Amino acid sequence: MVPAFLECESHPGRTLVDHLLDVSRPLHDPVLRLAALCHDAGKATKYFQEYLCDRPPKDERLKWHAQLGAEILLEVLLEKLQAGEEIAPERIILAFQFVRRHHGALDDVGDGLSLAGDENRLLADQRRVLDEAGLHAWLAVHGHGVRSCSDKDRVQLRVRALPALKSERDLGPCMARFQRALCDFGRLIESDRDSASGFGQGFFETGPRYTTSQVE
């Protein structure tokens, strides 16, 4: 049985939708905020929900959720492009990469859009046990539509995004863009970990301060 999206948990005793909203709130950039709203959506599969109940699947890859969350984010961003919103292709590909790698290290943004046969089969198996109708309805409540992503869409996005990422040759602007990307990735990770740990928004700005001697 496929679990209802609104009843899924992100962590034991914590609803998934509560966590997704919690992670998105501190982020002000619209694309990064949307990335946060989708980053753990892949946890809504039957496999991950059973894993939370100490019933892991025989193939542990079925409980992985980052790639599926990135695919969902990509579908939402493509729908926004279709609706006429102006979002730079390099912003899309970076946000996709942030979600895809939010439990690891960033790698080549172009490679992330290319799925091997095993990855396609894994995603297909996961999506069969995901309440996509419930997910889409929840996204619609928050003002986001979804459009399926074809292989042609992936190729077009690569063709548009990679030249834009490689067009800047001067070291200063290149380093500034690199640092902005790292900062955005860091903001997503920080907000995710704060939410998972139970820290409220702004805790580390207003919480207690410790001197070196106190820490030691």
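The values are calculated or read from the model by the stated rules, or taken from the named source; none is laboratory data. Being a predicted model, the structure only gives us computed values, none of them experimental. With ideal geometry, Cβ positions are generated from the backbone for all residues, glycine too; neighbour counts draw on all protein chains shown. Calculation scope for accessible area: heavy atoms of the full protein, side chains included, ligands and nucleic acids excluded. Shrake-Rupley method; radii C 1.70, N 1.55, O 1.52, S 1.80 Å.
Do any helices (runs of 4 or more DSSP H) lying entirely in segment 110-180 carry at least 1 residues that are more than 24 Å from Lys80 (Cα to Cα) and either in contact with a strand residue (DSSP E or B) (Cβ under 6 Å, 6 or more places away or on another chain) or open to solvent by 60 Å² or more (accessible area, probe 1.4 Å) (or both), and which ones are they?
The helices (runs of 4 or more DSSP H) meeting that bar are 117-128, 151-166.
Being open to solvent by 10 Å² or more (accessible area, probe 1.4 Å), without any contact (Cβ under 8 Å) to a residue 12 or more places away in the chain and under 17 Å from the mean Cα position of the chain (by Cα) narrows it down to one of Pro30, Pro56, so name that one.
On the way: Pro56 fails: under 17 Å from the mean Cα position of the chain (by Cα).
The conditions single out Pro30.
Regarding Glu9, is this residue touching a Leu at 6+ places or on another chain (Cβ under 7 Å), at pLDDT 95 or above and open to solvent by 50 Å² or more (accessible area, probe 1.4 Å)?
Against the criterion (touching a Leu at 6+ places or on another chain (Cβ under 7 Å), at pLDDT 95 or above and open to solvent by 50 Å² or more (accessible area, probe 1.4 Å)), Glu9 qualifies.
Specify which of the listed residues (Ala41, Ala105, Ala83) is within 13 Å of the chain's Cα centre (by Cα) and not β-branched (Val, Ile, Thr).
Ala41
For segment 34-76, enumerate the residues that are over 19 Å from Met1 (Cα atoms) and of a type in the set (S, T, N, Q).
Gln67
Does segment 96-107 contain any residue that is open to solvent by less than 30 Å² (accessible area, probe 1.4 Å), among the aromatic types (Phe, Trp, Tyr) and under 16 Å from Leu135 (Cα atoms)?
no
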